[in-house]
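A short reminder: the numbers here are calculations on the coordinates, not readings from a lab. Since the model is a prediction, treat every value here as computed from it, not as a measurement. Note that each Cβ is placed from the backbone with ideal geometry, even for glycine, and that neighbours are counted across all protein chains shown.
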Amino acid sequence: MTTLLALPYWQETGIKLGLALAIIPTTSLILVYLFLFKMMAFMQSRLGPNDTGPYGTLQLIAEAIKFLQKEDIHPAQADRRVFRMAPVVVLASTFLLYVVLPAGPDAVVQNLDTGVFYAMAVSSISVLGILMAGWSSANKYALLGGLRAAGQLIAYELPLILAVMGVVIQAETLNLQGIVEAQATGEIFGFGGIGNPFILTQFLAFLIFMIAAQAELTQTPFDMPVAETELVGGFHIEYTGFRFLLFFMAEFGTAFAFAALASVMFLGGWWIPGFDVDDNILNVLGPGVMLGKILLIAFFIFWVRFTYPRLREDQLQKFAWKVLIPLALVNIVLTGIFKVVF
Amino acid sequence: MPQLPGLIKGLGVTAKTAGRTLFPKRGWKTLIPAPQKGAVTVQYPHEKEAPPERARGVIALHEENCTACMLCSRSCPDWCIYIEGHKVKAPPRREGGKPRTVNMLDRFDIDYALCMYCGICVEVCPFDALFWTPEYEYSEPRIADLLHDKDRLGEWMDTVPDFLDYEPGSEQKVRKVPR
């Protein structure tokens, strides 16, 4: 990898930190506006927010300002310190996810050798935050929501990781940049024009990854933890104002990050056919390509979200343990066999 | 996987609805997104929907018919009707008769912050003083302004629609709205 600019460590870190602070709220803004507001509205034959700014683009800013004005309320029985920490823990897991997401040969906060492992480990910290929120709220619905979230996220962490294993075996590396490179230099039956995006060879893993990510993000067919009709909002029932905003931002920031992970591991990441893998121009074009792929993946996530009704708790667990995990194991075995044979 | 065709069909339904909403035009114009035309919702402050003829929007009071009998006030489940009146002497009906006592209405308020639009007061009024009108735009920034006094309630009388004809063969006479 070539280095674009030679800066002292602290300057580089400062720039990266500032970028991350600007990018993460923007990502959730984009997802909420494009999909939650507009696409959902069109799928229900209505217009969505339309009056705030051109085509309602500033609606979310208005909502954020509204949340900032609200009073910060703690329930009398709540465990105050844990109650205050919970949204921060959830948002921290989102921020940590962005550390390894690559958007170009050098456009990455930290290029870790164990990138995939790190991303999977860090994404499961949010379970802890959700459980903290549910437990400390001193509310039976919040507790039920927190416990459901814990059960669900643990059940779906497994197929998620097992699905990623297939990609890792094929790419022979845990490094996310290495995975992009492996796809860029790969060949489909001797034809290397578009590289070898792993969605072709690992289609089963891609499906399992997307389903498990849907559950991990608690999006609708798997949204028992927040089930507003039975749990009136689940773990964030007692949160108001800015703390609720943190949960909200974390939800969509994580959705964006998971879409980015999927596009890195299955769609070829930032690489554009016809360029060298470490071409400097990809640092500029890469983020755009990544954004397009992320929006495509996010479109599928939210399409599924707006189409299906909620599963029951037992159906959810059955689906994870009886269908997804065996399938993921089969995928690992098949990938291993093909890796050894070819 | 017997559920799979249904799941895919569901995705198709939502996608088709989104497409129809975003691209409602036919022919070559299909490519121009026009969600304003495709959406089935009425964009309320910009365009208004005509309410149904017998919609329960607001209650109008025909003050001359009211005798301050308090029936509406007593039957109101929310106790949102406030009536005050006093008795006055009126000239006798026939020559040489005794002077009558008549109830005069001083105050007739309906608090629309409390009203639940059940219509019991309109049903129970024996003197045809209360009527439904389909007007619905009377929200206020201050909740106290939702208390409509008898002048305000009287203004609504202009918007009361005529009663609909009964079905053919009915022997009942259609009620008339006092104008």
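Per-residue counts of other Cβ atoms within 10 Å, averaged by peptide: what ranking do you get for A:206-218, A:43-55, B:164-176, highest first? Mind showing how you got there, number by number?
Values: A:206-218: 23.5, A:43-55: 16.2, B:164-176: 7.8.
Descending packing order for the listed peptides: A:206-218, A:43-55, B:164-176.
Could you list which residues have their amide H under 5 Å from that of residue B:130, counting only those 5 or more apart in sequence or on another chain, with H placed in the peptide plane?
Here the answer is B:62, since their amide H atoms fall under 5 Å of that of residue B:130.
Can you tell me which of A:22, A:298, A:155 moves the most in a GNM of chain A? Springs connect C-alpha atoms under 10 Å apart.
Comparing A:22, A:298, A:155 in the GNM, the peak value goes to A:22.
How far is helix A:59-69 tilted off the main Cα axis of chain A, in degrees rounded to 10, range 0 to 90?
Tilt relative to chain A: about 50 degrees.
Determine the principal axes of the Cα atoms in the protein assembly as shown, then give the extent along each, sorted from largest to smallest and rounded to whole angstroms.
Each principal axis gives a Cα extent; for the protein assembly as shown these are 121, 61, 48 Å.
Most fluctuating residue of A:110, A:77, A:202 in a GNM of chain A with Cα springs under 10 Å: which is it?
A:77
P(r) tail for region B:22-63, what percent of Cα pairs lie past 14 Å?
Working: 574 of 861 pairs.
Taking all Cα-Cα pairs of region B:22-63, the fraction more than 14 Å apart is 67 percent.
What is the sum of charges around residue B:101, taking Lys and Arg as +1, Asp and Glu as -1, for the other residues whose C-beta is under 11 Å from the C-beta of residue B:101? Before the final figure, lay out each step's value.
On the way: positive: B:87, B:89, B:98, B:100; negative: none.
Here the count lands on +4.
Roughly how many Å is it from the Cα centre of region B:50-122 to that of region A:77-112, as a whole number?
65 Å
Would you calculate, for the protein assembly as shown, the mean residue ellipticity at 222 nm contributed by helices, counting each DSSP H stretch of 4 or more residues as -39,500 (n - 2.57) and dividing by all residues, to the nearest 500?
Numbers: 20 runs with 255 residues, N = 521.
Counting only the DSSP helices, I get -15500 deg cm²/dmol.
Straight-line reach from residue B:98: which lysines fall under 16 Å, measuring Cα to Cα and dropping same-chain residues less than 8 apart?
Within reach: B:87, B:89.
Which lysines does residue A:140 reach when only Cα atoms under 28 Å apart count, and residues fewer than 8 places away in its own chain are ignored?
Residue A:140 reaches A:66, A:70, A:318.
Given H placed on each backbone N at 1.01 Å, which residues far from residue B:177 in sequence or on other chains put an amide H within less than 5 Å of it?
Amide H neighbours of residue B:177, under 5 Å, 5+ apart: B:163.
Just want the ordering: A:71, A:187, from fewest to most Cβ atoms lying within 10 Å of their own Cβ.
Details: A:71 6, A:187 11.
With the fewest neighbours first, A:71, A:187 line up as A:71, A:187.
Inside 10 Å of the C-beta atoms of A:39-51, what's the mean count of C-beta atoms belonging to other chains? Before the final figure, lay out the partial values.
Values: counts 3, 2, 6, 13, 9, 7, 9, 7, 8, 4, 0, 5, 3.
Taking all residues of A:39-51 together, the mean is 6.
How much net charge surrounds residue A:132 when only other residues with a Cβ under 13 Å from its Cβ are counted (Lys, Arg +1; Asp, Glu -1)?
+2
In region B:28-95, what GluC sites (Glu not before Pro) fall in a loop by DSSP, with at most 14 other Cβ atoms inside 10 Å? Walk me through the intermediate numbers first.
Values: sites: B:47, B:49, B:53, B:63, B:64, B:84, B:95; in loops: B:47, B:49, B:53, B:95.
Answer by residue number: B:47, B:49, B:53, B:95.
Can you compute the FRET efficiency between residue B:102 and residue A:57 using 1/(1 + (r/R0)^6), with r the Cβ-Cβ distance and R0 = 56 Å? Round to the nearest 0.05.
Working: r = 64 Å, r/R0 = 1.14.
The pair residue B:102/residue A:57 has a calculated efficiency of 0.30.
Treating only the Cβ of Lys, Arg, Asp and Glu as charged (+1, +1, -1, -1), what charge dipole size does region B:1-137 show about its Cα centre? Round to the nearest 20 debye. Write down the numbers at each step before the final one.
Numbers: 18 positive and 15 negative charges, 157 e Å.
Dipole magnitude for region B:1-137 comes out near 760 debye.
First check a/c for region B:73-179, with a ≥ b ≥ c the square roots of the eigenvalues of its C-alpha gyration tensor; if it is under 1.5, answer rounded, and if not, answer prolate when a/b is larger than b/c or oblate otherwise. Display every interim value, and only then the final one.
Numbers: a/c = 2.15, a/b = 1.17, b/c = 1.84.
It comes out oblate by the Cα gyration axes.
Per-residue HN-Hα couplings for region B:63-76, Karplus 6.51 cos²θ - 1.76 cosθ + 1.60 at θ = phi - 60°, whole Hz, x for Gly and Pro?
5, 5, 7, 7, 10, 6, 7, 6, 4, 5, 4, 6, 8, 5
Would you grab the residues whose amide H sits under 5 Å from the one on residue B:104? Only those 5+ places off in sequence or on another chain, please, with H modelled 1.01 Å from N.
B:86, B:87, B:88
Trypsin sites (Lys or Arg not before Pro), restricted to region A:254-322: which are DSSP loop and have at most 13 other Cβ atoms within 10 Å?
Answer by residue number: A:312.
Local charge sum around residue B:160 (other residues, Cβ-Cβ under 10 Å, Lys/Arg +1, Asp/Glu -1)?
Numbers: positive: B:179; negative: B:135, B:158, B:162.
So the environment of residue B:160 carries a net charge of -2.
Rounded, prolate or oblate: which one fits region A:1-125, using the alpha carbon gyration tensor with axes a ≥ b ≥ c (rounded when a/c is under 1.5, else prolate when a/b beats b/c, else oblate)? Intermediate values should be presented prior to the final figure.
Values: a/c = 2.05, a/b = 1.33, b/c = 1.54.
It comes out oblate by the Cα gyration axes.
Do any trypsin sites (Lys or Arg not before Pro) in region B:8-61 lie in a loop, going by DSSP, with at most 12 other beta-carbon atoms within 10 Å of their beta carbon, and if so which? Please list the in-between numbers first.
Details: sites: B:9, B:16, B:20, B:25, B:26, B:29, B:37, B:48, B:54, B:56; in loops: B:25, B:26, B:48, B:54, B:56.
Here the trypsin sites (Lys or Arg not before Pro) that fit, given the DSSP loop and packing criteria, are B:26, B:48, B:54.
Which of the aspartates and glutamates could be linked to residue A:16 by a straight reach, that is with a Cα gap under 14 Å, when you skip same-chain ones fewer than 8 residues away?
A:106
Rounded if a/c is under 1.5, else prolate if a/b is larger than b/c, else oblate: which is region B:90-135, with a ≥ b ≥ c the root eigenvalues of its Cα gyration tensor?
Here region B:90-135 falls in the prolate category.
Taking neighbour counts of Cβ atoms within 10 Å as a proxy for exposure, in what order, fewest first, do A:194, A:294, A:130 appear? Display every interim value, and only then the final one.
Details: A:194 17, A:294 27, A:130 32.
Ascending Cβ contact count within 10 Å gives the list A:194, A:294, A:130.
Give me the percent of Cα-Cα pairs in chain B that sit more than 24 Å apart, rounded to a whole number. Don't skip to the answer; put the middle values down first.
Numbers: 9449 of 15931 pairs.
So the pairs more than 24 Å apart make up 59 percent of the total in chain B.
I'd like to know which of B:104, B:14, A:34 lies farthest towards the positive end of the charge dipole of the protein assembly as shown, counting +1 on Cβ of Lys and Arg and -1 on Cβ of Asp and Glu.
Farthest towards the positive end: B:104.
Karplus couplings for region A:241-254 from phi (6.51 cos²θ - 1.76 cosθ + 1.60, θ = phi - 60°), rounded to Hz, Gly and Pro as x?
x, 5, 5, 5, 4, 4, 4, 4, 5, 4, 4, 7, x, 5
Each residue of region B:102-107 in order: what ³J(HN,Hα) in whole Hz does its phi give by Karplus 6.51 cos²θ - 1.76 cosθ + 1.60, θ = phi - 60°, with x for Gly and Pro?
10, 7, 9, 7, 9, 9
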